[in-house]
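The values are calculated or read from the model by the stated rules, or taken from the named source; none is laboratory data. Fair warning: this is a prediction, and the values are worked out from it, not measured in the lab. Cβ sites come from the backbone with ideal geometry, for glycine too, and all protein chains shown count toward neighbours. These area figures cover heavy atoms from the full protein model, side chains too; ligands, DNA and RNA do not enter into them. Shrake-Rupley method; radii C 1.70, N 1.55, O 1.52, S 1.80 Å.
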Amino acid sequence: TSLIPGVGYVKKTYDLVDLGDSKTVSFTTNESGLAWGAIYAQYDEEIIKVTPIGNIFTVSKRLFVERDLGTGRPELIPLNQGGGLNVGEKVVCRITIRSDRDVEFVYLKDQRAACFEPFVTNSGYKAQGGTGYYVSVKDATTEFFFDNLRKGVYMLEQSFYVTRSGDYTSGVSMLQSIY
């Protein structure tokens with residue numbers, strides 16, 4: 001339990017085992033006047049077990065490694081689970097968005113593996129895949145903000161360089177309307 005003096009803010013964290021079989025949580029205050037409260041439920045899951053949900057949008061992500069296979073020009077090879085990458089290689093991430101209706105104020109958050117360093121690190125407005133958006137590049141994610149997303153299919157592409165060897169998880173892409 002943590003209390004912020006003078007503000008009256010109290011935070012209490014419970015593990016599921018603390019609650020037992022009860023699915024009810026209640027709070028009381030001894031103070032007079034208005035009181036505000038909130039309950040947040042959070043759980044962790046293995047990334048491989050995360051399944052897509054939603055009915056207006058679908059979003060999918062595929063990773064490719066860019067390699068020269070002797071043709072004189074780089075080719076994109078799908079990055080399969082267990083496939084190896086070398087430090088310095090270029091990885092291309094293709095995000096496909098499908099929308100079954102016109103929507104406004106859409107937010108896409110794409111997580112990336114800790115071994116990936118973005119090829120383009122500048123945030124700003126861009127046009128790609130048939131739509132325009134503002135992109136914000138962060139340490140572990142790239143965020144996309146769409147004013148308007150018309151009904152249809154859109155493909156966004158971003159590139160990364162592999163900076164470290166090891167086993168990594170790419171993370172998930174989350175798409176939502178923030179209207």
Inset, instruction - Please specify each residue of region 40-82 satisfying the condition of being of a type in the set (D, E, K, R) and within 19 Å of the chain's Cα centre (by Cα). - result: Asp44, Glu45, Glu46, Lys49, Lys61, Arg62
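Name the residue that is modelled with the lowest pLDDT, counting only residues in region 52-67 that are open to solvent by less than 100 Å² (accessible area, probe 1.4 Å) and in a loop (DSSP other than H, G, I, E, B). Even if it seems obvious, please write down each step before you answer.
At the first step, the residues of region 52-67 found to be open to solvent by less than 100 Å² (accessible area, probe 1.4 Å) are 54, 56-61, 63-67.
Keeping just the survivors that are in a loop (DSSP other than H, G, I, E, B) gives 54, 56.
On the way: Gly54: 72, Ile56: 83.
Residue satisfying both the conditions and the ranking: Gly54.
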Inset, instruction - Within region 159-171, count every residue that is hydrophobic (A, V, I, L, M, F, W, C) and either open to solvent by 60 Å² or more (accessible area, probe 1.4 Å) or in contact with a strand residue (DSSP E or B) (Cβ under 6 Å, 6 or more places away or on another chain) (or both). - result: 1
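Just to be sure, is Arg112 in contact with a strand residue (DSSP E or B) (Cβ under 6 Å, 6 or more places away or on another chain) and in contact (Cβ under 8 Å) with a residue 24 or more places away in the chain? Lay out the reasoning, then the answer.
On the way: in contact with a strand residue (DSSP E or B) (Cβ under 6 Å, 6 or more places away or on another chain): no; in contact (Cβ under 8 Å) with a residue 24 or more places away in the chain: yes.
Criteria not met by Arg112.
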Legend entry - Pair list, Cβ < 6 Å and 6+ apart or interchain, from region 8-34 residues that are without any contact (Cβ under 8 Å) to a residue 12 or more places away in the chain to residues that are assigned to a loop (DSSP other than H, G, I, E, B) and open to solvent by less than 100 Å² (accessible area, probe 1.4 Å): Phe27/Gly37; Thr29/Ala35
Legend entry - Unmet requirement for Arg98, which otherwise passes all of (1) at pLDDT below 85; (2) open to solvent by 70 Å² or more (accessible area, probe 1.4 Å): (1)
